[in-house]
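Enquirer: Sharing a structure here in structure tokens format.
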Amino acid sequence: MQSNPEPVLKLPAIFTPGMVVQRDRPWHVWGHATPGARVQAELRAPGIPDGTLDAATAATGPDGTFDITMGARAAGARGDLTVRTVGTSVRVRDLVFGDVWVVGGQSNAQLPLRRIAHRYPREVQEANNPDVRILRAPEAYAFNGPQDDCPGMVWTRCGNDDIAEVSALAYLFADRLCTTAHTPIGIIQAALGGTPIEAWLSEPWLGRLDLLPAHYPALRDERYIRQVLANETQAGALYDEQMDALDEGLDQGWTDPSLDDTQWDTMALDESMRPELRAPGVIWLRTSLDVPARYVGKPAIIDLGTLQDADETSVNGTPVGRTDYQYPPRLYRIDYLDKHLQITIRLKVHYGTGGFTGGKPHTITILDDNVPRGIPTIAGRIDLDRKEDGSPRPWHFKRSVTFRERPRQTFFQYEPAGPYNAVLAPWGKAAITGLVWYQGESNTCQAAGYGDKLIALAQCWRALFHAPDAPFITVQLPNNGLEPYNDWPRLRNEQRRIMTLANTALVTTADLGEDNDLHPVDKIDVADRVAHAALSLAYGSGEPPMGPFAWRATVDPDNRLSIHFTNVCGNLHVSGGTVTLELHDPDTPTTTPLRARPAGHDHLCATIPRDIHIPRGATLRYAWHDCPELAIRDESGLPASPFEIPVTHTGL
């Protein structure tokens, strides 16, 4: 006798407790059930008998999919969702209706709250707004078309759940919107470190731009991907094993505080260009210091900045932390400060250059935990670069291994369409309010053409969410001085092209970064500016959504140059009264500096000496540097974005 099949009912991961549903619009409940079955969705007021707020049904198709449309509800409405079919049901508690935003990009969009806690401890400790909920993306990719689910994604309810790993930008942005717009905010966090823009475009859009690589068909074979990953994991493990076996420092116990290192060479931690560091292998560094009596017994954080590439750090012979790649800041906790500290760093250089990132302070920050609300305060600092008398603190160092380069790793999440298919596409039936895009670092090596990709991405995402006019806010790249071989100014200028689309804004951050860090921790001011843009575009604040935007430069027959701006709040202001612009001749490698000053509420002017000829095709540049000074602002205090615009001759 044939038994009846088990009933099937599966909702995608977006339907988990704490879900935020877009307010004031019909919304969808979708998923999979037994083919031909009827499925009912019921929204009930929590804790109220017979408190049905809405109910609807739909039949599944031949493939078992269903899509139920539910009625719109106002901001702040709450309920529990029950979806049922014959023999089974799924309940999703604590739904709230508000505004849903997508925050996407790479590592600066993904950077978690815990990474900014050392600089902004109070802000992170108080990140507990219960009306902010974030759906965080896992590290996922797919190359066989858009997926219908992304398993593992759950809503993080701020104030209820541990939010240390949610995006700092996403939370801070949402918190500001929630407070000002008086509505719950949900964030779909679609950001993965290192991903280029191509990873977040759909295959059709990549095809239109001729961006699908020749090897793309191979990516559709999951066995191929598994084999590559397995081979690389094995090769990496073998490399580590072989390097450890060669390391005399491990054999001889160089973490021992009593080790005599007086015959080793000495260096300062900021001597990052020393030749001894410029080869793969292992270098050991050691220093000793006495802790002032007032700090003995207190907890502390040792801050070593960032290193290339990996490190294992010990204090008095006890491991306090390790990091396996170059970008994260080394912030290692010491639970109890002894009177005497001996610090050992085992630095592993995987590629051509090792050492410490220049310009970073290296300190031990002493904490005082006996304060209200559990927010640690700083009791003092010990400088690891200099002694109390101001003289350099010597670090003894010795290379124990010289080795080959570490085998390179394939990151399949960087491949075109991979994250789009796996992380973003499953949520296309969700209604949204708007989109935030913070990315570009991984495209600075090929900046030309980024504007076309960005325009395509905005259209692709708007189409996915059936929101052709949704606000699209782009965060322009911050200042950064670590990659002179890449073209950060060109990429920033390419990002300006997003303004050719309606209902867009460009948030300038070239004054908010850190010249010596790809991951600046000031996400508070970035979030403020993104929220300012959102309040203008989506909530009708009445203010320009962004700082001044140069759109036209003209020169008249008398050699008077005018630069015209849009999005000016009040009047333009220039630090010091005048600003240096660069006249660029595309036929020569030279630029001519020009001084400009405000000449009206929305334009600057400069008189060009008669002996300077402005050729056809010339362009005008402002803040065209990796780490520019932003001198042009408006009365809101927001800076004008760096630019390169063509110079047009008039009156001829």
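Enquirer: Going through segment 200-222 one residue at a time, which ones are assigned to a helix (DSSP H, G or I), farther than 13 Å from Ala142 by Cα and open to solvent by 40 Å² or more (accessible area, probe 1.4 Å)?
Expert: Correct list: Pro204, Trp205, Gly207, Arg208.
Enquirer: I would also like to ask the following. Can you spot a residue in segment 77-91 that is at pLDDT 95 or above, more than 17 Å from Cys158 (Cα to Cα) and not in a strand (DSSP E or B)?
Expert: Yes - at least one qualifying residue is present in segment 77-91.
Enquirer: List the number of the failed condition for Ile188; all other conditions in (1) open to solvent by 10 Å² or more (accessible area, probe 1.4 Å); (2) under 23 Å from Val507 (Cα atoms); (3) of a type in the set (Val, Ile, Thr); (4) touching a Leu at 6+ places or on another chain (Cβ under 9 Å) hold.
Expert: The single condition Ile188 does not satisfy is (1).
Enquirer: Tell me, yes or no, whether segment 110-124 has at least one residue that is closer than 22 Å to Phe15 by Cβ, of a type outside the set (Ser, Thr, Tyr), open to solvent by 20 Å² or more (accessible area, probe 1.4 Å) and part of a loop (DSSP other than H, G, I, E, B).
Expert: no
Enquirer: Next up: Please work out which one of (1) under 19 Å from the mean Cα position of the chain (by Cα); (2) closer than 24 Å to Arg78 by Cβ is the condition Thr179 fails and give its number.
Expert: The one condition Thr179 does not meet is (1).
Enquirer: So is Gly61 surrounded by fewer than 18 Cβ atoms within 10 Å (Cβ to Cβ), more than 35 Å from the chain's Cα centre (by Cα) and within 25 Å of Val423 (Cα to Cα) or not?
Expert: Taking the combined requirement at face value, the residue satisfies it.
Enquirer: Taking segment 589-622 only, how many residues are under 40 Å from the mean Cα position of the chain (by Cα) and open to solvent by 40 Å² or more (accessible area, probe 1.4 Å)?
Expert: Residues in segment 589-622 being under 40 Å from the mean Cα position of the chain (by Cα) and open to solvent by 40 Å² or more (accessible area, probe 1.4 Å): 15 in total.
Enquirer: Restricting segment 637-650 to residues that are open to solvent by 10 Å² or more (accessible area, probe 1.4 Å) and assigned to a loop (DSSP other than H, G, I, E, B), which is modelled with the lowest pLDDT?
Expert: Of everything passing the filter in segment 637-650, Thr650 is modelled with the lowest pLDDT.
Enquirer: Also: Which ones in segment 142-171 are open to solvent by 50 Å² or more (accessible area, probe 1.4 Å) and either in contact (Cβ under 8 Å) with a residue 60 or more places away in the chain or out of contact with any helix residue (DSSP H, G or I) (no Cβ under 8 Å at 6 or more places or on another chain) (or both)?
Expert: Within segment 142-171, Asn144, Pro146, Gln147, Asp148, Pro151, Gly152, Val154, Arg157, Gly159, Asn160, Asp161, Asp162 qualify.
Enquirer: Also, quick follow-up: Taking only segment 172-185 into account, find how many residues are among the small types (Gly, Ala, Ser) and open to solvent by less than 10 Å² (accessible area, probe 1.4 Å).
Expert: Total satisfying the criteria: 1.
Enquirer: So which pairs qualify, if the first residue must be in segment 231-245 and in contact (Cβ under 8 Å) with a residue 60 or more places away in the chain and in a helix (DSSP H, G or I), the second must be surrounded by 12 or more Cβ atoms within 10 Å (Cβ to Cβ) and polar (S, T, N, Q), the Cβ gap must be under 6 Å, and the two must be at least 6 apart or on different chains?
Expert: Final answer for the pair search is Glu232/Gln409.
Enquirer: Just the residues that are out of contact with any Leu (no Cβ under 8 Å at 6 or more places or on another chain) and closer than 24 Å to Val102 by Cβ, please, taken from segment 31-74.
Expert: Scanning segment 31-74 gives Thr65, Asp67, Ile68, Thr69, Gly71, Ala72, Ala74.
Enquirer: What are the residue pairs meeting all of these: first residue in segment 9-29, first residue farther than 14 Å from Thr82 by Cα and polar (S, T, N, Q), second residue open to solvent by 10 Å² or more (accessible area, probe 1.4 Å) and in a strand (DSSP E or B), Cβ atoms under 6 Å, and 6 or more apart or on different chains?
Expert: none
Enquirer: Could you please tell me which pairs satisfy a Cβ distance under 6 Å, a separation of 6+ or placement on different chains, a first residue in segment 508-536 that is without any contact (Cβ under 8 Å) to a residue 60 or more places away in the chain, and a second residue that is in a helix (DSSP H, G or I) and open to solvent by less than 20 Å² (accessible area, probe 1.4 Å)?
Expert: Note: pairs meeting the criteria are Thr509/Val526; Leu512/Val526.
Enquirer: Is segment 313-327 home to any residue that is in contact (Cβ under 8 Å) with a residue 60 or more places away in the chain and touching a helix residue (DSSP H, G or I) at 6+ places or on another chain (Cβ under 8 Å)?
Expert: Yes.
Enquirer: Out of curiosity, is Arg78 open to solvent by 10 Å² or more (accessible area, probe 1.4 Å), free of Cβ contacts under 8 Å to residues at least 40 places away in the same chain and not aliphatic (A, V, I, L, M)?
Expert: Details: open to solvent by 10 Å² or more (accessible area, probe 1.4 Å): yes; free of Cβ contacts under 8 Å to residues at least 40 places away in the same chain: yes; not aliphatic (A, V, I, L, M): yes.
The answer is yes for Arg78.
Enquirer: Here is a follow-up. Name the strands (runs of 3 or more DSSP E) wholly inside segment 257-375 in which the number of residues that are open to solvent by less than 30 Å² (accessible area, probe 1.4 Å) is 2 or more. Steps first, please.
Expert: Values: elements: 265-267, 281-290, 300-303, 310-315, 318-323, 331-334, 340-349, 363-368.
Strands (runs of 3 or more DSSP E) meeting the threshold: 281-290, 300-303, 310-315, 318-323, 331-334, 340-349, 363-368.
Enquirer: Being open to solvent by 10 Å² or more (accessible area, probe 1.4 Å), in a helix (DSSP H, G or I) and among the aliphatic types (A, V, I, L, M) is the requirement here; does Ala425 meet it?
Expert: Working: open to solvent by 10 Å² or more (accessible area, probe 1.4 Å): yes; in a helix (DSSP H, G or I): yes; among the aliphatic types (A, V, I, L, M): yes.
Yes, satisfied.
Enquirer: Among the helices (runs of 4 or more DSSP H) contained in segment 437-541, which hold 3 or more residues that are surrounded by fewer than 21 Cβ atoms within 10 Å (Cβ to Cβ)?
Expert: 450-464, 523-537
Enquirer: Here is a further query. Give the number of residues within segment 589-618 that are touching a residue at least 24 places away in the same chain (Cβ under 8 Å), assigned to a loop (DSSP other than H, G, I, E, B) and more than 23 Å from Cys569 (Cα to Cα).
Expert: 9
Enquirer: Could you run through segment 80-114 and say how many residues are over 33 Å from the mean Cα position of the chain (by Cα) and among the hydrophobic types (A, V, I, L, M, F, W, C)?
Expert: 3
Enquirer: While we're on this one: Check whether at least one residue in segment 572-588 is part of a strand (DSSP E or B), touching a strand residue (DSSP E or B) at 6+ places or on another chain (Cβ under 9 Å), free of Cβ contacts under 8 Å to residues at least 60 places away in the same chain and buried (at least 20 other Cβ atoms within 10 Å of the Cβ), and report yes or no.
Expert: The answer is yes, given that some residue of segment 572-588 is part of a strand (DSSP E or B), touching a strand residue (DSSP E or B) at 6+ places or on another chain (Cβ under 9 Å), free of Cβ contacts under 8 Å to residues at least 60 places away in the same chain and buried (at least 20 other Cβ atoms within 10 Å of the Cβ).
Enquirer: Would segment 629-636 turn up any residue that is assigned to a loop (DSSP other than H, G, I, E, B), open to solvent by less than 60 Å² (accessible area, probe 1.4 Å) and touching a Cys at 6+ places or on another chain (Cβ under 7 Å)?
Expert: For segment 629-636, residues assigned to a loop (DSSP other than H, G, I, E, B), open to solvent by less than 60 Å² (accessible area, probe 1.4 Å) and touching a Cys at 6+ places or on another chain (Cβ under 7 Å): present.
Enquirer: Let me ask something additional. With respect to Arg346, determine if the residue is among the basic types (Lys, Arg) and within 30 Å of the chain's Cα centre (by Cα).
Expert: yes
Enquirer: Any residue at all in segment 568-586 that is modelled with pLDDT under 90 and not aromatic (Phe, Trp, Tyr)?
Expert: Start the filter on segment 568-586 by keeping residues that are modelled with pLDDT under 90, which leaves 585-586.
From the residues that got through so far, the ones that are not aromatic (Phe, Trp, Tyr) too are 585-586.
Taking every residue of segment 568-586 in turn, at least one turns out to be modelled with pLDDT under 90 and not aromatic (Phe, Trp, Tyr).
Enquirer: Now, a different point. Would you be able to tell me the number of residues in segment 378-394 that are open to solvent by less than 70 Å² (accessible area, probe 1.4 Å) and in a strand (DSSP E or B)?
Expert: Qualifying residue count, segment 378-394: 4.
The values are calculated or read from the model by the stated rules, or taken from the named source; none is laboratory data. What you see is a predicted model, and the numbers here were worked out from it, not measured in a lab. Every residue, glycine among them, receives a Cβ derived from its backbone with ideal geometry; neighbour counts consider all protein chains shown. Heavy atoms of the whole protein, side chains included, go into the accessibility calculation; ligands, DNA and RNA do not. Shrake-Rupley method; radii C 1.70, N 1.55, O 1.52, S 1.80 Å.
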